[in-house]
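**Student:** One structure is given below, represented as structure tokens, and several questions about it will come after.
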Amino acid sequence: MQNLDGKSVVITGASRGIGEATARHMAELGAKVVLAARSGDDIERIAEDITQAGGTAMAKTCDVSDYAQVEGLASHTTATFGRLDVLINNAGLIDPIARLDESDPAAWSTIVDVNLKGVYYGYRAALPIMLAQGEGTIINISSGAATGALEGWSHYCATKAGVLSLTKCGHKEYGDKGLRIMGLSPGTVATEMQVQIKASGVNPVSQLDPDVHIPPEWVAKGLAFLCGSGGDAYLGADFSLKTDEGRKLVGLPLIDN
Ligand code: NAP
């Protein structure tokens, strides 16, 4: 199991789903976690739970589509914990799902603001801090949609493709400066996002039996794995939990099991 003792870890989108599971898991591994999301009450409650269980956690309300708030998240983290060792760019949206001809331009644009610009804002706020430290890890939550096309998901596919590009660009610029930047593509995960996808009835993902989705705790384990040297083989790329290779490395059940 990866040891994150004393590491300062910021997780965006930590009010539920993958982000919440990651905050809880990384705190158990010894990290000082910063939970960020718009739902202040939820992140406060989760941070309190973690603290009650003996971990170290702080909640910071943050809308990742607002650069000033993301910069505030990074500076609050260093003011409190002295460092920013790991940034998990996890916050993301898929709703509203709509074919291009019926899509709402303002809603489409909001997905770009959160899924793509939110990741850039995370980079922009964290990179100067990590460069000054001479080390740091950034993991962007990717998706099979980064390289595929799915009906009704143009906003999601286009933004996740952009995030994969940011993973590659980040590694190209900072891979030789002590920074570790990579993505994680989880496959389908049992979270609120899959509830929204099912309700849409659009494209084959909405037809999946919910039993095939992996639990968010598995993604948390994958992210913790990437924080260690085992993740070095995936710098500048997406590590996938949809392959037996990835599952085996993290110690998760294999696809056929
Ligand atoms: P989820 O349960 O819907 O959680 C999404 C999280 O993002 C929430 O904590 C939400 O918090 C946060 N968020 C949304 N907009 C935000 C904003 N403007 N600023 C800050 N936080 C914001 O979904 P999830 O499945 O855990 O998704 C997490 C990540 O995994 C996303 O990037 C998603 O694209 C990716 N992913 C999911 C799946 C899947 O099958 N579930 C598959 C591949 C990739 P607030 O509403 O409180 O702000």
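The values are calculated or read from the model by the stated rules, or taken from the named source; none is laboratory data. This is a predicted model, so every value here is computed, not measured. Counting neighbours? That spans all protein chains shown, and the Cβs are built from the backbone with ideal geometry, glycine included. Calculation scope for accessible area: heavy atoms of the full protein, side chains included, ligands and nucleic acids excluded. Shrake-Rupley method; radii C 1.70, N 1.55, O 1.52, S 1.80 Å.
**Student:** Number of Lys pairs in region 8-250 with C-alpha atoms less than 15 angstrom apart, excluding same-chain neighbours closer than eight positions?
**Tutor:** The number of close lysine pairs in region 8-250 is 6.
**Student:** Modelling each spin label as a point 7 Å along the Cα-to-Cβ direction, I'd like the Lys248/Asp101 distance in nm, to one decimal.
**Tutor:** Once both label points are built, they end up 4.7 nm from each other.
**Student:** In addition: Among the chymotrypsin sites (Phe, Trp or Tyr not before Pro) in region 194-257, which ones are in a DSSP loop with at most 12 other Cβ atoms within 10 Å of the Cβ? Mind listing them?
**Tutor:** Taking region 194-257 and a limit of 12 other Cβ atoms within 10 Å, no loop chymotrypsin sites (Phe, Trp or Tyr not before Pro) are found.
**Student:** Given q = 0.09, 0.10, 0.13, 0.18 Å⁻¹, what are the Debye log10 I(q)/I(0) values for region 8-250, with equal point scatterers placed on the Cα positions and solvent ignored?
**Tutor:** The calculated log intensity ratios at q = 0.09, 0.10, 0.13, 0.18 Å⁻¹ are -0.34, -0.43, -0.74, -1.48.
**Student:** Pick out, from Ser200, Thr137, Val112, the residue whose Cα sits farthest towards the positive end of the charge dipole of the chain, with +1 on the Cβ of Lys and Arg and -1 on the Cβ of Asp and Glu.
**Tutor:** Thr137
**Student:** What order, most packed first, do the peptides 208-214, 244-250 have when packing is the mean number of other Cβ atoms within 10 Å of each residue?
**Tutor:** Averaged packing, sorted descending, gives the order 244-250, 208-214.
**Student:** Got the relative contact order for the chain handy, in percent, Cα pairs under 8 Å and 6 or more residues apart?
**Tutor:** So the answer I get is 18 percent.
**Student:** Pull out the extension gain between Ala233 and Asp5, defined as 0.36 nm times the separation in residues minus the alpha carbon to alpha carbon distance; nm, one decimal.
**Tutor:** Additional length available on full extension: 79.8 nm.
**Student:** Would you mind estimating how fast region 65-200 diffuses translationally, via Stokes-Einstein at 20 °C and 1.002 mPa s with the Kirkwood radius over Cα pairs, in µm²/s?
**Tutor:** My calculation gives 137 µm²/s for D.
**Student:** What does the accessible area per residue of the chain come to in Å², with a 1.4 Å probe and no ligands, DNA or RNA counted?
**Tutor:** Value for the chain: 44 Å² per residue.
**Student:** Next up: Using a Förster distance of 45 Å, how high is the FRET efficiency between Thr147 and Gln52, based on the Cβ-Cβ distance and rounded to 0.05?
**Tutor:** Plugging the Cβ-Cβ distance into 1/(1 + (r/R0)^6) gives 0.65.
**Student:** Here's something else I'd like to know. Using θ = phi - 60° and the Karplus form 6.51 cos²θ - 1.76 cosθ + 1.60, what ³J(HN,Hα) does each residue of region 113-129 get, whole Hz, x for Gly and Pro?
**Tutor:** 4, 7, 6, 9, 5, x, 6, 4, 4, x, 4, 4, 7, 8, 4, x, 5
**Student:** Before rounding to the nearest 500, sum -39500 (n - 2.57) across all DSSP H runs of length at least 4 in the chain and divide by the residue total; then give [θ] at 222 nm in deg cm²/dmol.
**Tutor:** Computed mean residue ellipticity for the chain: -13500 deg cm²/dmol.
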